[in-house]
Amino acid sequence: MILITTPTGNTGSMILQQLVEQGQQVRIFVRDPKKISADILEKVEVATGSLLNESEFTEALQGCDTLYFCVPQSNTQRDVNAYYEEFAIVASKAIKNTGTKRVVYLSGGGKESNLQAGLITALHKGEDIISQSGASVRALRCPVFFETLLYQTVSLKKSGTFFLPIDGDYKAPQIAVKDIASKTVELLIDKTWTGIEGLTVQGPADLSYNGIALQMSELTGKSIRFQQVSEEDYIKTLLEDHHTSEAFANSLTDMLTAIGNGLYDTEPRTAASTTPTTIKEWMSDNLVSKIK
């Protein structure tokens with residue numbers, strides 16, 4: 001039996017769908033089952049509760065040999081590191097309580113670097129905690145998701161421009177969520193692996209935001225431009241337009257700054273870390289219709 005946390009999230013929902021389609025025995029741990037489609041619910045076991053409640057998490061894990069664990073997304077934390085650590089500590093206790101054999105944890109790239117990377121550093125702190133749970137662990141170390149471009153749709157549609165505090169010519173890995181989900185499903189189904197390991201997944205190619213803008217222009221038939229902004233202006237946009245907490249805004253900005261400073265350079269691309277979905281394919285399916 002496989003327990004899936006965050007089954008309504010971007011990655012968790014895709015993992016759940018793939019596992020159900022493959023006929024796997026799955027239990028979901030969720031606050032509100034009504035957020036799951038009826039056709040999925042009839043094919044899985046359901047445990048309700050909070051990821052921050054040790055007894056509820058432990059009960060949900062009973063009888064499961066494998067866990068997919070992801071810290072829920074939030075942009076309102078007062079302390080980003082403490083937020084990730086709290087979820088990981090509760091999960092680690094539940095894993096110890098039940099003797100769960102294998103855990104797949106959604107982490108971030110660049111763990112071997114010495115850079116302070118905001119949200120990614122918080123993910124790494126969670127990874128360290130889960131790795132001490134007694135289970136075998138595979139931490140998927142992911143770069144920026146293609147899906148982060150969806151937060152720029154208003155500006156893209158209105159002015160054909162998108163903004164980040166990073167050099168537009170700097171190339172770094174990016175990845176589609178569906179490729180992360182597919183790799184996660186492979187690991188969840190495989191009952192043979194043991195030990196603790198971080199696995200890098202990197203998308204098919206390193207990308208610059210100026211290059212992404214050029215591909216957007218080709219796909220939409222209109223001029224799209226990327227503009228580098230200052231850290232201060234980016235934080236102001238997060239606070240005023242997206243209503244994030246100050247801690248989150250600073251942490252996300254620190255992450256982007258670290259990426260621009262070579263956060264992922266410690267993880268050379270390999271055939272095993274390269275995933276198939278291109279940014280052009282992803283934009284055609286998920287972005288173009290929203291910004292034309």
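The values are calculated or read from the model by the stated rules, or taken from the named source; none is laboratory data. Keep in mind the model is a prediction, meaning the values are calculated, not measured. As a convention, Cβ positions derive from the backbone with ideal geometry for all residues, glycine included, and neighbour counts pool all protein chains shown. Keep in mind that these areas ignore ligands, DNA and RNA; they rest on the heavy atoms of the full protein, side chains included. Shrake-Rupley method; radii C 1.70, N 1.55, O 1.52, S 1.80 Å.
Would you call Ile212 among the β-branched types (Val, Ile, Thr), crowded, with 17+ Cβ neighbours inside 10 Å and without any contact (Cβ under 8 Å) to a residue 24 or more places away in the chain?
Considered against the rule, which asks whether it is among the β-branched types (Val, Ile, Thr), crowded, with 17+ Cβ neighbours inside 10 Å and without any contact (Cβ under 8 Å) to a residue 24 or more places away in the chain, Ile212 comes out as no.
With the requirement that a residue be open to solvent by 80 Å² or more (accessible area, probe 1.4 Å) and either within 27 Å of Met283 (Cβ to Cβ) or aliphatic (A, V, I, L, M) (or both), what does segment 241-254 give you?
Answer for segment 241-254, where residues must be open to solvent by 80 Å² or more (accessible area, probe 1.4 Å) and either within 27 Å of Met283 (Cβ to Cβ) or aliphatic (A, V, I, L, M) (or both): Asp241, His243.
Applying the selection to segment 230-240, what residues are in contact with a strand residue (DSSP E or B) (Cβ under 9 Å, 6 or more places away or on another chain) and open to solvent by 30 Å² or more (accessible area, probe 1.4 Å)?
Correct list: Asp233, Thr237.
Only residues that are within 21 Å of the chain's Cα centre (by Cα) and of a type in the set (D, E, K, R): list them for segment 155-175, please.
Correct list: Lys171 only.
Output the number of residues of segment 185-202 satisfying the condition of being open to solvent by 40 Å² or more (accessible area, probe 1.4 Å) and either more than 11 Å from Arg138 (Cβ to Cβ) or touching a strand residue (DSSP E or B) at 6+ places or on another chain (Cβ under 9 Å) (or both).
Looking only at that region, the number is 7.
Looking only at segment 169-184, which residues are assigned to a helix (DSSP H, G or I), closer than 30 Å to Arg225 by Cβ and open to solvent by 10 Å² or more (accessible area, probe 1.4 Å)?
Of everything in segment 169-184, those that are assigned to a helix (DSSP H, G or I), closer than 30 Å to Arg225 by Cβ and open to solvent by 10 Å² or more (accessible area, probe 1.4 Å) turn out to be Lys178, Asp179.
State which residue pairs qualify: first residue hydroxyl-bearing (Ser, Thr, Tyr) and inside segment 133-153, second residue assigned to a strand (DSSP E or B) in any location, beta carbons under 7 Å apart, and separation of 6 or more residues or different chains.
Hits for this filter: Ser133/Val103; Ser136/Arg102; Ser136/Ile196.
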